[in-house]
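Everything on this sheet refers to the single structure shown next.
The values are calculated or read from the model by the stated rules, or taken from the named source; none is laboratory data. All of these numbers come straight from a predicted model, not from anything done at the bench. Reconstructed Cβ throughout: ideal geometry from the backbone, glycine too, with neighbour counts over all protein chains shown.
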Amino acid sequence: MKASSSLALAVTLALLTGCASSGSQSEQAAQEKSTPPALEALGNIIDDTRIETTGLVRLRRAGEGLKDGHLGVTSFRGVVLLTGQVRDEASKALASEVLSGIPEVKTVYNELTISGPTALLARSADAVVTSKVKARLLANEAVRGLEIKVVTENGTVYLLGTITRTEAEAATAAARAVGGVERVVRIFEYAD
């Protein structure tokens, strides 16, 4: 989505939330202090996108071992997943250090492997697996699929989000049922 579209959406949501102004003064004060869920979700998306973009830029500038690696940075509410391949342990450690230096980052899960970059065919297969897993999560009534990010790297599916433990079990089972999934790694914060 273009920045102007995002800004227009944010302004529209802000105006719509300001239109509901009935009730007592104490109710109005409570409404003004709480952020509407849609606006909070939009803020989270913007924050995560900024973390991902900043992270990739900083990683590419941090050193030769990171510049020529295949890197993926995924953020969900400040919890960052680092995937891909780098040439040595020093580069892997440097990547964690670089991402931890971003102020909004709470935790970094460094899942980098020491090897050459995966082939384009493998990355394409991973993209297909990600799409299939996401579709299963969205279709599964036992899971709030919109609350889960899915990343696939070399056959390993990573699930990130804030959900209940019951939803985590259902999401894991749904992901494992997809062809091409070799392993499922859960990076959840639990709401219960």
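When residue 51 is tested against the conditions (1) surrounded by 15 or more Cβ atoms within 10 Å (Cβ to Cβ); (2) out of contact with any strand residue (DSSP E or B) (no Cβ under 7 Å at 6 or more places or on another chain), the lone failure is (2). Among residues that are surrounded by fewer than 19 Cβ atoms within 10 Å (Cβ to Cβ), of a type outside the set (Phe, Trp, Tyr), within 30 Å of residue 87 (Cα to Cα) and without any contact (Cβ under 8 Å) to a residue 40 or more places away in the chain, residue 155 is included. Among the conditions (1) among the β-branched types (Val, Ile, Thr); (2) at pLDDT 85 or above; (3) over 15 Å from the mean Cα position of the chain (by Cα), the only one that residue 51 does not satisfy is (3). Against the test of being without any contact (Cβ under 8 Å) to a residue 12 or more places away in the chain, within 25 Å of residue 167 (Cβ to Cβ), surrounded by 13 or more Cβ atoms within 10 Å (Cβ to Cβ) and of a type outside the set (A, V, I, L, M), the options 75, 100, 131, 34 yield a single qualifying residue, 131. A single member of 66, 7 is out of contact with any Gly (no Cβ under 9 Å at 6 or more places or on another chain), of a type in the set (A, V, I, L, M) and at pLDDT 60 or above, and it is 66.
Scanning segment 57-72 for residues that are buried (at least 16 other Cβ atoms within 10 Å of the Cβ) and in contact with a Leu (Cβ under 8 Å, 6 or more places away or on another chain) returns 58, 59, 62, 63, 65, 66, 69, 71, 72. Note on segment 158-169: residues that are crowded, with 22+ Cβ neighbours inside 10 Å and either under 13 Å from the mean Cα position of the chain (by Cα) or among the aromatic types (Phe, Trp, Tyr) (or both) total 4. Exactly one residue out of 179, 145 is among the small types (Gly, Ala, Ser), modelled with pLDDT under 95 and out of contact with any Lys or Arg (no Cβ under 6 Å at 6 or more places or on another chain), and it is 145.
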